[in-house]
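Peer 1: One structure, pasted below without further comment.
The values are calculated or read from the model by the stated rules, or taken from the named source; none is laboratory data. Because the structure is a prediction, the values reported are computed rather than measured. Counting neighbours? That spans all protein chains shown, and the Cβs are built from the backbone with ideal geometry, glycine included.
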Amino acid sequence: MRQKLVAGNWKMHGNSQSIRELLAALTPAVAESAAEIAVIPPLVYVPLCVDLLAGSKVSVGAQTVSEQCDPGAYTGEVSAEMLADSGCHYVLVGHSERRSLYGENDALVAAKTEAALNAKVLPIVCVGETREQREAGDTLKVVGRQLDVVLATLKSGHEKITVAYEPVWAIGTGLTATPEQAQEVHAFIRTQLAAHSAELADTVRILYGGSVKAANAAELFAQPDIDGGLVGGASLDAEEFAAICNAIG
Ligand code: PGA
């Protein structure tokens, strides 16, 4: 059985005061959740979150990582080793905002995934189509290519990745994929993993992301190939995020 995961991507939101309040409200509210839970704060707040969450069931992730493995002259970059050393359990790679705003392409996403695995930080590899790509009937082609590059690049550790299917048109828009639309793509991703190995298809979690909220979480999470959620906006509200975490059956 795959352990379901709900991860809250805070993006560039919060400050030390709001984070203290959020986590103080969140931790007791999710103590009984059947899901594994992670929060993914802006990088400078990782140590604060690691401290505040010590002894709780909530782990901490980072929003991006350098593809460079060795220390060196890479101003502004943070390595996967540094993330591991700071207590990060997970890291997002290939979030659509990194792809569209910061020019991250499939090869870079694959290199970042590899760097994370080398440092034993678990990568959450984000894939998803734009509205235009969906309307052109290219959803499975786009998602397939994004994931293929990662699977083909990794030398080992494929079973340690988590995939997040996040249709770009659903991120931050209030538009959610219907459970059927999401399940269709998740099932396709599962088939793609199975083409690599049956074990991989059984092991790798596939999260759904894109306007997940308390009101739609249970229905999404009930789909056979949806193993949890990657939650943006709704993860900034402790009560709402806890309700999403507690919607895991
Ligand atoms: P959203 O963001 O839940 O605000 O749509 C999801 C994400 O970007 O991971």
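Peer 1: For the stretch 155-187, enumerate the residues that are among the hydrophobic types (A, V, I, L, M, F, W, C) and under 18 Å from the mean Cα position of the chain (by Cα). Don't jump to the end; show me each part of the working.
Peer 2: Taking the stretch 155-187 and keeping what is among the hydrophobic types (A, V, I, L, M, F, W, C), we get 161, 163-164, 168-171, 175, 177, 182, 185, 187.
Once the filter is applied, which keeps residues that are among the hydrophobic types (A, V, I, L, M, F, W, C) and under 18 Å from the mean Cα position of the chain (by Cα), the stretch 155-187 yields I161, V163, A164, V168, W169, A170, I171, A177, A182, V185, A187.
Peer 1: So A215 ticks every box in (1) within 20 Å of Q181 (Cα to Cα); (2) within 16 Å of the chain's Cα centre (by Cα); (3) surrounded by fewer than 24 Cβ atoms within 10 Å (Cβ to Cβ) but one. Which box is left unticked?
Peer 2: Single failed check for A215: (2).
Peer 1: Conditions: (1) out of contact with any strand residue (DSSP E or B) (no Cβ under 6 Å at 6 or more places or on another chain); (2) closer than 25 Å to T27 by Cβ; (3) at pLDDT 95 or above; (4) not hydrophobic (A, V, I, L, M, F, W, C). G249 meets all but one. Number of the miss?
Peer 2: Here G249 clears every test but (3).
Peer 1: Could you list, in sequence order, the residues of the stretch 180-225 that are among the charged types (D, E, K, R) and within 13 Å of the ligand (Cβ to nearest atom)?
Peer 2: K213
Peer 1: Let me ask you something else. Can you name every residue in the stretch 28-70 that is among the hydrophobic types (A, V, I, L, M, F, W, C), assigned to a helix (DSSP H, G or I) and either touching an Asp or Glu at 6+ places or on another chain (Cβ under 6 Å) or surrounded by fewer than 15 Cβ atoms within 10 Å (Cβ to Cβ) (or both)?
Peer 2: First, the residues of the stretch 28-70 that are among the hydrophobic types (A, V, I, L, M, F, W, C): 29-31, 34-35, 37-40, 43-44, 46, 48-50, 52-54, 58, 60, 62, 65, 69.
Now narrow it down to the ones that are assigned to a helix (DSSP H, G or I): 29-30, 43-44, 46, 48-50, 52-53.
Listed by number, the list holds a single entry, V44.
Peer 1: Shifting gears a bit: Within the stretch 71-111, which residues are assigned to a helix (DSSP H, G or I), under 18 Å from the mean Cα position of the chain (by Cα), of a type outside the set (G, A, S) and more than 16 Å from the ligand (Cβ to nearest atom)?
Peer 2: L83, D106, L108
To keep it simple, each residue is scored yes or no on (1) among the charged types (D, E, K, R); (2) out of contact with any Pro (no Cβ under 9 Å at 6 or more places or on another chain).
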{"position": "E135", "(1), (2)": "yes, yes"}
{"position": "Q146", "(1), (2)": "no, yes"}
{"position": "T153", "(1), (2)": "no, yes"}
{"position": "S156", "(1), (2)": "no, yes"}
{"position": "K160", "(1), (2)": "yes, no"}
{"position": "V163", "(1), (2)": "no, yes"}
{"position": "L175", "(1), (2)": "no, no"}
{"position": "P179", "(1), (2)": "no, yes"}
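Peer 1: For T64, work out the one condition from (1) over 24 Å from A38 (Cα atoms); (2) touching a helix residue (DSSP H, G or I) at 6+ places or on another chain (Cβ under 8 Å) it doesn't fulfil.
Peer 2: Failed condition: (1).
Peer 1: For S235, are the conditions met, namely being more than 16 Å from the ligand (Cβ to nearest atom), on the phi < 0 side of the Ramachandran plot and either in a loop (DSSP other than H, G, I, E, B) or touching a strand residue (DSSP E or B) at 6+ places or on another chain (Cβ under 8 Å) (or both)? Walk me through how you get there before you give the answer.
Peer 2: Details: more than 16 Å from the ligand (Cβ to nearest atom): no; on the phi < 0 side of the Ramachandran plot: yes; either in a loop (DSSP other than H, G, I, E, B) or touching a strand residue (DSSP E or B) at 6+ places or on another chain (Cβ under 8 Å) (or both): yes.
For S235, the condition - more than 16 Å from the ligand (Cβ to nearest atom), on the phi < 0 side of the Ramachandran plot and either in a loop (DSSP other than H, G, I, E, B) or touching a strand residue (DSSP E or B) at 6+ places or on another chain (Cβ under 8 Å) (or both) - is not met.
Peer 1: Continuing with the same structure: For the stretch 138-179, which residues satisfy the criterion of being surrounded by fewer than 16 Cβ atoms within 10 Å (Cβ to Cβ), of a type in the set (S, T, Y) and either in a helix (DSSP H, G or I) or within 16 Å of the ligand (Cβ to nearest atom) (or both)?
Peer 2: T153, T173, T178
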